[in-house]
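Shown next, in structure tokens, is the structure this report addresses.
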Amino acid sequence: MATLECSSQKKSSDLKALASRLLSWLERDGPLSFLLTLPSVVWMLGIIGYPVGLVFWLSLHNQRSIEKNVPFVGLDNYAKILHKSEFWESARLTVIWSLGNLLLIVPIGIAIAVVLNLQFYGQRTVRTWSLLPWMFPIVVNVLMWRWILDPVAGVLNYLMRQIGLVDQPVSFFASRETAMLAVILVNAWRWTPFMAVVTLAAMQTISGTLYEAARVDGASSWAIFWRITFPLIRPAVANTAFILVIWLFNMFPPIWLMTQGGPGDGTATLPVLIYKQGLHLFRMSNAATISVLLLVMFIVPFTTIYLVTFGRRKLS
Amino acid sequence: MRPSLGQRLLIYAILLMLVLVYISPIYWTLITSFKKLPEMMASTPTFFPEDATLQHYRDVLYESRYTTFMRNSIVVGVAATVLTLLLSVGAAYSLSRLRFRGKTLFSLGILLVYLFPGILLIIPLFRVMANLGLYDNIISVVLVHVILALPFGIWTLRSFFDGVPVELEDAARIDGASRLRVLAQIFTPLIAPGIATVAIFSFVVSWNDYLFPAILLSSPSNQTVPVGIAGWTSAYSINWGQISAASILTVVPVIFFFGLVGRYFVQGLAAGAVKE
């Protein structure tokens, strides 16, 4: 009995000593930061790191759905995909989609930021709430627009007929060109506020004395924008435009929810192709191969340029 | 220098046009949700419902699976938010206050996660979750949603931590409090607005996401709101009244939360894309 009590006492004092050692160990920067960042690191590796590795693995094997024992096929999948005109057509559409969006979002976003940077009544409220369309679920945005663009009862067709723009109702999603145009316009509608808000934040860091000095010298508003505002917001605009390009290449929900890649693959960008091959046709290895190609052809070059250009300032 | 009257009129005219471009689709959805079917499909549309009805809202709330979708969305959103907060508080504190090896690498990792496109994950994640037995289980969506708001969370909280004076921390440490206690009891109340911002951002991102629930969940009873509503458009004849009512119900919480902390979202997004 006595020995037992003694040993349990010893045990609890051992535990206490261990706990206090652990706590004092956690007072140091290294161990504490390890403990606090470990969960984030595990999450990043589990949800992004490992799956990216798996995409490469799948692209070198022949997996149909989720069966075991998949044969290794080397670069066969790549040879197959790169010989398909479907893939190159989809890559072309991805470039059109990204470029079309970018050319709308960046200039209009800057223009909106210029207007919001002026003095007007209700300025603070408008500045904040202008981000709201971007916070809406994509599904809601897309469904709103699909109803507005509806060929039978859509209000846009009614308005276009009223002002005499068209005689017959337009079926926006019936031809490849108008479908692509509609998808780009709706997505640009969603993303322009994001661009505007970020640009506006950059504009507000410009000191007012610069503007005053320019006005005293008699500079026009146009000259002030191009000589003072634009050079100073250019880093932020370039930064955001780069991020946007990377996201645009890979945007899937707006296109899928609007057209499902149709009509006749007319809006089937690479992300749509990945989804269709993988989760509709269950050709997992094909989908994985297209994913790797998207990564290598579009994402890696742009991310590298981005990191080289902006990385140093971001990581310091 | 004050702009002249003409310039001011021009500014207001442009602003009015912008507001119209952004408000009118939302307004159109709102009035559609109150219109009866014949009025909705009329060849000459009405710009204010002549014979308003709540029928579509009743249908959505009592005759459809909307409330099930909503329950799933709330469960996923809350779970993802709690986990995002736990992860980002620790990571942001480390980045703001501690010196450790691999700090630059960790920052680079966060930036890459921010840039990384979700579409590249759908094929492998589908397989991983199937192998783990989590396919068609909302846990799988929670695990992925944590990653979506994590970079914003870490960047936002880091700037809030940076704003807390070092003297406050030192005073508490001299009194003998351990670092973890200082983090929990001194810092957390001081950065409460930051925590609220990250919590709401994380919830809204999860609430809005279409991609991951669409690929990781299959049965309708497990579905979240965005995928659920999107499914209604595959019906033979689309009921736009019901879809509009459901859309309005779905954006109401977003608008409410945005009203609370929207200005911090703007700051946080600007910080992510502009400075540092």
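Once Lys and Arg get +1 and Asp and Glu get -1 on their Cβ, which of B:Thr29, B:Ser43, B:Leu10 lies farthest toward the positive end of the dipole of the range B:1-61?
B:Leu10
Using θ = phi - 60° and the Karplus curve 6.51 cos²θ - 1.76 cosθ + 1.60, what whole-Hz ³J(HN,Hα) does each residue of the range A:248-262 get, with Gly and Pro shown as x?
5, 3, 10, 6, 10, x, x, 6, 4, 5, 8, 10, 6, x, x
Please build a GNM for chain B, connecting alpha carbons under 10 Å apart, and tell me which residue among B:Ser73, B:Ser218, B:Ser88 fluctuates the most.
B:Ser218
Which of A:Asn69, A:Asn141, A:Asn101 moves most in a GNM of chain A, Cα contacts under 10 Å?
A:Asn69
Could you list which residues have their amide H under 5 Å from that of A:His61, counting only those 5 or more apart in sequence or on another chain, with H placed in the peptide plane?
Amide H neighbours of A:His61: A:Val73.
Per residue of the range A:124-129, what does 6.51 cos²θ - 1.76 cosθ + 1.60 with θ = phi - 60° give for ³J(HN,Hα)? Whole Hz please, x for Gly and Pro, Karplus curve as stated.
Whole-Hz 3J(HN,Hα) from phi for the range A:124-129: 4, 5, 4, 4, 5, 6.
Order A:261-267, A:179-185 from most to least packed using the mean count of other Cβ atoms within 10 Å. Show your work: numbers first, answer last.
Details: A:261-267: 18.1, A:179-185: 20.3.
Highest-to-lowest ranking by the protection proxy: A:179-185, A:261-267.
Work out the length of the dipole vector of chain A about its Cα centre, built from +1 on the beta-carbon of each Lys and Arg and -1 on the beta-carbon of each Asp and Glu, and round it to the nearest 20 debye. Intermediate results must be reported in sequence, preceding the final value.
Values: 24 positive and 14 negative charges, 99 e Å.
My answer is approximately 480 debye.
Give me B:Asp59, B:Asp175 sorted ascending by neighbouring Cβ count inside 10 Å, so fewest comes first.
Values: B:Asp59 16, B:Asp175 8.
In order of increasing Cβ crowding within 10 Å: B:Asp175, B:Asp59.
Rank A:Phe34, A:Phe302, A:Phe282 by mean-square fluctuation in a GNM of chain A with C-alpha springs under 10 angstrom and give only the top-ranked residue.
Fluctuation is largest for A:Phe34.
How would B:Val164, B:Val182 line up from fewest to most surrounding beta-carbon atoms within 10 angstrom?
On the way: B:Val164 15, B:Val182 20.
Going from sparsest to densest Cβ surroundings: B:Val164, B:Val182.
Can you divide the C-alpha Rg of the protein assembly as shown by 2.2 N^0.38 Å and report the result to two decimal places? Working shown, then result.
On the way: Rg = 26.5 Å, N = 592, 2.2 N^0.38 = 24.9 Å.
Relative to the rule-of-thumb radius for its length, the protein assembly as shown sits at 1.07.
Place the peptides B:134-143, A:70-79 in order of packing, highest mean first, counting for every residue the other Cβ atoms within 10 Å and averaging per peptide.
Values: B:134-143: 19.7, A:70-79: 13.6.
Ranked from most to least packed, the peptides come out as B:134-143, A:70-79.
Please name which of B:Gly268, A:Ile112, A:Val308 has its Cα lying farthest along the dipole of the protein assembly as shown towards the positive end, using unit charges on Cβ (Lys, Arg +1; Asp, Glu -1) and the Cα centre as origin.
Working it through, the farthest residue towards the positive pole turns out to be A:Val308.
When N counts the residues of chain A, how does its alpha-carbon radius of gyration compare numerically with 2.2 N^0.38 Å, as a ratio? Show your work: numbers first, answer last.
Details: Rg = 27.5 Å, N = 316, 2.2 N^0.38 = 19.6 Å.
Ratio of Rg to 2.2 N^0.38 Å for chain A: 1.40.
I'd like the Karplus ³J(HN,Hα) series for the range A:16-29: coefficients 6.51, -1.76, 1.60, θ = phi - 60°, whole numbers in Hz, and an x wherever there's a Gly or Pro.
So the Karplus estimates, Gly and Pro as x, are 4, 4, 4, 4, 5, 5, 4, 5, 6, 4, 6, 6, 8, 4 Hz.
Report, as a whole number in µm² per second, the diffusion coefficient that Stokes-Einstein gives for the range A:17-59 at 10 °C and 1.306 mPa s using the Kirkwood radius over alpha carbon pairs.
Numbers: Rh = 12.4 Å.
Rounded, D is 128 µm²/s.
Taking the Cα atoms of the range B:72-273, report the difference between the largest and smallest coordinate on each principal axis, in whole Å and largest first.
Each principal axis gives a Cα extent; for the range B:72-273 these are 70, 39, 29 Å.
For the range B:11-140, what is Rg from Cα atoms divided by 2.2 N^0.38 Å, rounded to two decimals? Each step should come with its number before you reach the end.
Values: Rg = 23.6 Å, N = 130, 2.2 N^0.38 = 14.0 Å.
The reported ratio for this selection is 1.69.
Averaged across the residues of B:122-135, what count of C-beta atoms belonging to other chains lies within 10 Å of each residue's C-beta?
On the way: counts 10, 20, 16, 6, 7, 10, 5, 0, 2, 2, 0, 0, 0, 1.
Shielding by partners across B:122-135 averages 6.
Taking other Cβ within 10 Å of each residue's Cβ, how do A:Ser90, B:Ser159 sort, fewest first? Walk me through the intermediate numbers first.
Working: A:Ser90 23, B:Ser159 18.
The most exposed by this proxy come first: B:Ser159, A:Ser90.
Around A:Arg64, what is the net charge, scoring Lys/Arg as +1 and Asp/Glu as -1 over all other residues with Cβ under 13 Å from its Cβ? Before the final figure, lay out the partial values.
On the way: positive: A:Lys68, A:Arg283, B:Arg127; negative: A:Glu67.
Summing Lys/Arg as +1 and Asp/Glu as -1 gives +2.
Measuring from the lowest to the highest alpha carbon on each principal axis, how far does the range A:113-185 reach, largest first, in angstroms?
Here the spans come out as 44, 29, 21 Å, largest first.
Once you place label points 7 Å from the Cα toward the Cβ at A:Trp226 and B:Lys36, how far apart are they in nm?
6.0 nm
Given points 7 Å out from each Cα along the Cα-Cβ axis, report the A:Ala213 to B:Phe48 separation in nanometres with one decimal.
5.4 nm
Let me know the number of lysine pairs in the protein assembly as shown closer than 28 Å at the Cα, not counting same-chain pairs under 8 apart.
On the way: A:Lys68/A:Lys80; A:Lys68/A:Lys84; A:Lys68/A:Lys276; A:Lys80/A:Lys276; A:Lys84/A:Lys276; A:Lys314/B:Lys103; A:Lys314/B:Lys275; B:Lys103/B:Lys275.
Lysine pairs meeting the criterion: 8.
Any read-out appearing in this document is the output of simple, stated calculations on the displayed coordinates, not a laboratory observation. None of the values given here were measured: they were computed from a predicted structure. In this analysis, Cβ positions are derived from the backbone assuming ideal geometry, glycine residues included, and neighbour counts consider all displayed protein chains.
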